[in-house]
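Values quoted throughout were computed directly from the atomic coordinates according to the rules given, and no laboratory measurement underlies them. Note that the structure is predicted; figures quoted are calculated from it, not measured. Please note: Cβ atoms are built from the backbone with ideal geometry, for glycine as well, and neighbour counts cover all protein chains shown.
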Amino acid sequence: VIDNLHKQTLMKTSLPSLGKIEDLFEQLKKDGYEGVFAVPICKGLSGTLDAMESAARQVGLTFYGFDTYSTAVLQSHCILTAKKMYEEGKSIEEIFEELEKIAGSCDTILLVDDLQHMRRGGRLTATAAALGGLLKIKPILHVNKDTDGRVDVVEKVRTMSRAQDRVIDRVKALGANNHYDFTVAHVDS
């Protein structure tokens, strides 16, 4: 992925085919499982959760799908939290209640250094990407429950240094303290 980014190769994503999901769920049912718990990429960015729910219904499995309204880091945190709670004997209702608290309190902030990838992916016009590059515009984007899992613009600033400062200001304005958890995910940074 990182090599492709450096080469400016357009990468495409796709949800797994419904047939592959159904095949997996049929095998799980044959293996004696009654249900599936899943935390795929959020509905605002992908149809995977709906496809999984449909496949589970088709093969007769109970489906417990959770939408994080965010991306990979929060997905991982929710999966690990659910696993720990399940191993402690917590009910599915208790697990979902905790996951809802987590998803409702998180904000994934994205800083984009190169607008060309957004242009190639169709999220930005060629003119806007070129102008943004010339003016050194760095959009501050975010995705969370309030955006319904869709990427939204918080602010546009000039230079990455200013963008980072604005993110820190945003975190301070939220009242962040030593009880908050922060995860910094990066791509070749």
* Structure fact -> Magnitude of the Cβ-charge dipole (Lys and Arg +1, Asp and Glu -1) of the chain about the Cα centre, nearest 20 debye, reported as 1060 debye
* Asked: So, in Å, what gap is there between the alpha-carbon centers of segment 162-189 and segment 46-96?
  -> 27 Å
* Structure fact -> HN-Hα couplings for segment 3-12 via Karplus (6.51, -1.76, 1.60; θ = phi - 60°), in whole Hz with x for Gly/Pro, come out as 4, 5, 4, 5, 7, 6, 7, 6, 9, 10
* Net charge, residue 144 excluded, C-beta distance under 11 Å - Lys, Arg +1, Asp, Glu -1 -> -2
* Asked: Under the rule of -39500 (n - 2.57) per DSSP H run of 4 or more residues, summed and divided by the residues of the chain, what mean residue ellipticity at 222 nm is obtained, to the nearest 500 deg cm²/dmol?
  -> -14000 deg cm²/dmol
* Asked: In straight Cα distance, which lysines are under 28 Å from residue 145, not counting same-chain residues fewer than 8 positions off?
  -> 12, 43, 83, 84, 90, 101, 156, 172
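Beyond 30 Å, what percent of the Cα pairs of the chain remain? Kindly include the intermediate steps, with their values, before the conclusion.
Details: 5613 of 17766 pairs.
Value for the chain: 32 percent of Cα pairs lie more than 30 Å apart.
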* Over the chain, what is the mean sequence separation of C-alpha contacts under 8 Å (at least six apart), divided by residue count, expressed as relative contact order in percent? -> 18 percent
* Asked: To the nearest µm²/s, what D does Stokes-Einstein give for segment 1-92 at 10 °C and 1.306 mPa s, using the Kirkwood radius over alpha carbon pairs as Rh?
  -> 107 µm²/s
